[in-house]
1. Do the sum for chain B: with -39,500 (n - 2.57) for every DSSP H run of n ≥ 4, divided by all residues, what is the mean residue ellipticity at 222 nm, to the nearest 500 deg cm²/dmol?
2. Run through all the Cα pairs of region C:33-325 and give the fraction in each 5 Å bin from 0, expressed as whole percent.
3. Using a ≥ b ≥ c from the Cα gyration tensor of region B:4-45 (square roots of the eigenvalues), is it rounded, prolate or oblate, where a/c under 1.5 gives rounded and otherwise the larger of a/b and b/c decides, a/b for prolate?
4. How much length is gained if the chain between A:R112 and A:D207 is pulled fully straight, taking 0.36 nm per residue apart and subtracting their Cα-Cα distance, in nm to one decimal?
5. Rounded to two decimals, what ratio of Rg to Rh does chain B give with C-alpha atoms and a Kirkwood Rh?
6. So, R0 is 22 Å and r is the distance between the beta-carbons of C:R293 and C:R190; what FRET efficiency does that work out to, to 0.05?
7. Å³ per residue of the Cα convex hull, for region A:166-212?
8. Roughly what % of Cα-Cα distances in region B:253-387 sit above 21 Å, to the whole percent?
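Readers should treat all values here as calculations from the given coordinates under stated rules, not as data from a laboratory. In this text, all values refer to a predicted model and were calculated from it rather than measured experimentally. Heads up, the Cβs are rebuilt from the backbone with ideal geometry, glycines too, and the neighbour counts pull from every protein chain shown.
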Amino acid sequence: MDTPFAITLGPGSSSVNRTGTWRTERPVYVDRLPPCNQACPAGENVQGWLYTAEEGDYQTAWRQLVAANPLPAVMGRVCYHPCETACNRAQLDHAVGINSVEEFLGDEAIRRGWVLPTPAPDTGKRVLVVGAGPSGLSAAYQLCLLGHHVEIRDSAARPGGMMRYAIPTFRLPRYVLDAEIDRILALGIDFRPNTPVEDLTAEHGFDAVFLAVGAQLAHRAYVPAAQSARILDALDLLGDTAAGQRPQLGRTVAVYGGGNTAMDAARTARRLGAEEAIIVYRRTRERMPANDIEVTDALEEGVRMKWLATVKHADVGVLTIERMELDEHGVPQPTGELEELQADSLVLALGQDVDHTLVDTLPGVRVEGGVVQVDEHMMTGHPGVFAGGDMVPSARSVTVAIGHGAAAARNIDAWLRGTVATPEPEREAATFERLNTWYYSDAPETVRPRLDAARRVSDFAEVTGKLDADTALYEARRCMSCGNCFGCDNCYGVCPDNAIVKVPTGHGYAIDLDYCKGCALCVTECPAGAIDMIPEPD
Amino acid sequence: MRRQLEGSRAIAETVACCRPGVIPAYPITPQTHIVEALGTMVRKGQLAPCRFLTVESEFAAMSAAIGASLTGSRAYTATSSQGLLYMTEAVFNAAGLGAPIVMTVANRAIGAPINIWNDQSDSMALRDSGWIQLHAPDNQAAADLHVLAFRLAEELSVPVMVCVDGFVLTHAFEPIDVPEQEIVDAVLPPYRPRQVLDPDDPVTIGAMVGPEAFTEVRYLADRRLRSAPPAFERIAAEFAEAVGAPQRRARCVQDYRATGADTVVVALGSVTGTLRDVVDSIDGVGVLTITMYRPFPAEEIRAVLVGARRIVVLERALAPGASGIVTSDVRSALAGLDVPVQTVIAGLGGRPIGAASLRELLARPGLEDVTFLDLREDVIDRELGRETVREPIAERDGEAAVESAGERAGA
Amino acid sequence: MPAQSVKFYQVGSRAVGNRLLDAELRTEQSSAERRNSITSGHRACQGCGEALGARYVLDTAERVTGGRLVTVNATGCLEVFSTPYPESAWQVPWLHSLFANTASVASGVAAALEAQGRTDVRVLAQGGDGGTVDIGFACLSGMFERGDDVLFVCYDNEAYMNTGVQRSGATPAYARTATTEAVGPIPGSRPGQGKDLPRIAMAHEIPYVATATVAELRDLEAKVERAMSMRGPRYLHVLVPCPLGWGSAPAETVHLARLAQRSGLFPVFEAEHGEVTSVLPIRDRIPVEEYLRPQRRYAHLFADPPRTDLIERIQQIADRNVARYHLDPHEIPHEEGA
């Protein structure tokens, strides 16, 4: 074309005009710490594995999951999911059902026989893990993957600790537990059952020790009782029941205590045939240490609650109860008002203590308040001896225990290498206010199906059902990817200057600073709050 | 073959032979017969392929012509008077964009007062719009000029206005030889636009040009326009040869006994015939007819007038307060020559230009610099007399505009 | 438990793209191969809604026509910021003639293509609200009634922004402009029905009329696609917030367009042959105040004392739109008669 001067121009010739010079601020992609990740005591990258699960790549999602937690099928059942409590989506409609997706992935792995990663080459280091509960297994797993030789010893006949001996089967079917533990041990861990460790000073040939013996001693509280009154410990009840026995409890059972063990004991009692199971607790529901999920489950199954009450005396078939009231500090105080409560048996669930005789002879180890003290690297005062789980100061849950195990493994590994584990760099929180929630579809949570209450009290079948592949996918896709790019293309689309380019790696996008005018539309329209504006460098 | 035809019909048939692709049309007297005829030909399939658009205004007509022209279709429209002024913005724009549109202007007076009859105020008002302006002295030329116009427009990528005196030519029946289709096809090759909207070559047409280049754009446009006279002469010669009629050869300026004459009357358009009759009977007087008024063929005019002792410019338009429009152009063409150039304003709003009046005028010994032909002195005297007895108008305070209208630029 | 079909995709169809969607279900704008009909280096203000809207519209039109598209552009911001010599931001064939004549030029282009038998090449004309509802209105109406095969797109930023924010026929009631200052008993633009061009276009009973905003990309793209599937005159009216003229933050452009729709002040619908055929329901309706407050052109309504009376009148306009177009998905159909 013989185009006239100036009036007619070539296509796209504006690209020589670098409008980036207009800018006073520039956008940058950020990786903020999502609340689920922040809240997870096991240190899972929840958002990360959900991201993969969203794409239906469950095996990869499971691999990301087991990088932190080798027991996802177990955790998907017993974790109290603080991640969901923290989830930003709760402020929009309902929290993402992270726990149910985790369970789905865990079960898929068992069903399909997915295998754990191959351990690193042998480092020649040997680590002794005392206790095959969640903390010990978690540490052993991580250490084994790092190439260390691990030996686990446990006093019990089978591995799993409290998961096996305290959690009722209607919450955690044992085939699930066995499958996940077997998979860990199959990595090449030397597991020694029925092998209590009594004197660590006598142990030789190990480069480090991780103690994870838990808190298995029922807390002793004196309850005046008639000789023939039927009184038993909750842990015994749960352990015997889990072992397949059916302890005789009578028609009416009182459970004394307000923790999760008390709830499990009361729910177990219902299943063992008790027509009435009554929780006796000295404070109010709000102050009960039991997790709300467990309290709700118990109530649904017909468990009764007697708040602000202590057991003054136990007789055959009847308890004497004293009514309490809370003082201004919230501490229950006796009122002197007594009443009787019919109960064929009394189950004591007043907490558990740590058996710390093991460390009493070990120089440097400090025990305070009944628990073993560790430093920020999870090491006791005795060099090379680390501890975690219920035996150290903690919130005492399976999830916390798994996190302890993993953290201990990192620290032990560093110690074995003569270094110090460096903590994860601090990341700013991905708060709800940073999200542009308009973009997320209206999507209420998928509730896992549950057995109805009538059937629940008749047998030990698992109460909570599972998501199927479709519903798991749906649930995963409810994740808002708070604080992290999830590839929605909004920034790429809303830029009036075409200054965002797609790149195959990293975040998937890059800012073309030649043309970005710094309008920040991409920041406003990022659903996840994953872009910040920063001042233009001088 | 000469046929007894109305001027408008002859123009329409000639335009049809030029195979326009798009004809946007809007009615206005005295142009209407041309587009009516073309519309009918399109309807009947006699002119095909062609789209005849009945647009809602002259502004739309010229705009649609711009769009069509820059999409690679030969575009034609016709208008008059108010219509031309109504499309003014687009007229300038077509030239600026270099769209080789051909438009017939059936010359008519501009209101107010509204007047549907002939003068050349309309095309004169747009003489500096960047178009080539051709003025037809008679209806045969009116027809022929359209062929030349399309060829010239497309060669130079400049729009061409063919000015035809309204009624005097457009509504006159006379024997006219409409060029044969084969002849037109031989003279006028298919339209090959200089620039075109095309998905395969997606250029930006109509950019905004600032002070850094606007002067150059204008300089180049001026230079291009100035190349029109020789091109026109060449094309006209080619056409005359094709039709086998040397007397139909158009020229930028037509010299009728003007070279060497004492007095030369300069005129545009249909008055030429009358003038030639008049000077036939007066010794030493010739006629110079300007066919190409824009670009102004100053060289050619000077060459004819250089020996004259008196120039009389017959104007069919008035520049109020400045008298003769063509006079100014002629004067500048004669710069340095000591020759009086007198203006005669004639034929405004359809007043006939009689041979007797012209003869009397040319015989008048001391012709004033500006003369209004056949001015009704009694009316003028009476009206001037009425004005002198009126009170002088008291100075009034200008009232501030209540609300200014939005400027003409984009939202 | 009832099977829940997987129709849900995290951000569903609201975001520009979605890695979880099949490629053919994603927006044109999410594509790495999108045309970028108006490309980088243009001189639009930061956060310009019109630059965004034009790319949204043209990229889709380019895709659905297979690149057989030519465009005509009115004088205005879009023209000025995209084509200052010697640089053009356009990658599509583009013609600018004048301010008022865009529709007529496009008519001529369409006529030429038809005369040449090149009906595979489609014509899209575009301009701002001034070039559409005011100075270009006569030409547009003519294009409509003649049935010319042109899609005309109006990018409505509700005033003459290029000349410094003067009132147009599309300026909403009480909005401050440079020619309707926020002073006097009735501050800002005079109230009235304004020039509701979508409805005027519908009165021409042309094949297709639609409204859209830059906040609902998928809706906008679908409308361009629908429009380009038809022949004859079609009209698309796109709300494009203007940070300069509205007195809003450049980063808020898309957000404000969304609020305009959610408030009911800008009804989003489509109509064929003069009848409304679908509306974009308001997902989460907001009071108009929420839309007005972030814009400096309405600041006088929130001064001390606030003009709650005028805000209420704007609310009534929104309510009327919601009722007229049935924008509220929770609305119970009203029984007429008896």
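1. On the way: 15 runs with 159 residues, N = 411.
The helix contribution divided over chain B gives -11500 deg cm²/dmol.
2. The distribution over region C:33-325 is 1, 6, 13, 17, 20, 17, 13, 8, 4, 2, 1, 0, 0, given as percents.
3. Note, shape of region B:4-45 comes out oblate.
4. 30.5 nm
5. Values: Rg = 22.2 Å, Rh = 22.4 Å.
Rg/Rh for chain B comes to 0.99.
6. E between C:R293 and C:R190, to the nearest 0.05, is 0.55.
7. Working: hull volume 5.5 nm³, N = 47.
Convex hull volume per residue, Cα atoms: 116 Å³.
8. Summing the P(r) of region B:253-387 above 21 Å gives 38 percent of all pairs.
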